[in-house]
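The values are calculated or read from the model by the stated rules, or taken from the named source; none is laboratory data. Everything numeric here is computed off the predicted structure, so don't read it as measured data. Don't worry about glycine lacking a Cβ; one is built from the backbone with ideal geometry, like all the others, and counts go over all protein chains shown. Only protein heavy atoms, including side chains, enter the accessible area calculation; ligands, DNA and RNA are left aside. Shrake-Rupley method; radii C 1.70, N 1.55, O 1.52, S 1.80 Å.
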Amino acid sequence: MQSQQPTPRLSFVHLLSDNRPQAMAWVRGNASYPAISGLVKFYDTPYGGVLVEAEVFGLPNVTVPGSSDFYAMHIHQFGDCSDNIANVGDHYNPSMQFHPFHAGDLLPLMGNQGYAWSAFYDKRFRVADILNRSVVIHHHQDDFHSQPSGNPGAAIGCGVIRRA
């Protein structure tokens, strides 16, 4: 009988259940959306990529019963969320790709009455590559084609990625 190798999913479940990320970003809302708060965690994986887990509260649709909406989430060049999130720079894009193929183009968040949880795997960066950069949540969903950033609307939440 052949021994069965674990699938990546099993490794990812184990990483999430151990809850020992290598980096995290505490996301806070801007002046217009102060209720936004959350945590984005980054886990190195044995597959050469990063497992990203995001949990965010207080998104704009929080007061609309039964509502859902999508919000773009990106990694930006600079870890400076000051001045109402005006100093984060462009998307993190070390290989100079067109949008939506920047390393900083992440999956959108789906907010359900203001709450979103997401986990996904990404091989376009390592945890060491994104330290001291920022995670930014935008007011609208990414359209996945407009250049240079997908027309996601205003930045409404931001957190600096720090070693855990």
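Counting every Cα pair in the stretch 47-164, what percent are over 18 Å apart? Counting every Cα pair in the stretch 47-164, those more than 18 Å apart make up 50 percent. Derived value for the stretch 1-72: Kirkwood hydrodynamic radius 14.7 Å. Basis is the mean of 1/r over every pair of different alpha-carbon atoms. Dipole check for the chain: with +1 at the C-beta of Lys and Arg, -1 at the C-beta of Asp and Glu, and the Cα centre as origin, the magnitude is about 420 Debye.
Cβ-Cβ distance of residue 20 and residue 107, R₀ of 30 Å, FRET efficiency by 1/(1 + (r/R0)^6): the value works out to about 0.85.
Classification of the stretch 69-118 by its C-alpha gyration tensor yields an oblate form. The axis ratio a/c (a ≥ b ≥ c) is 1.5 or more, and b/c is at least a/b.
Per residue, the chain exposes 53 Å² of accessible surface when a 1.4 Å probe is rolled over the protein heavy atoms with every protein chain present.
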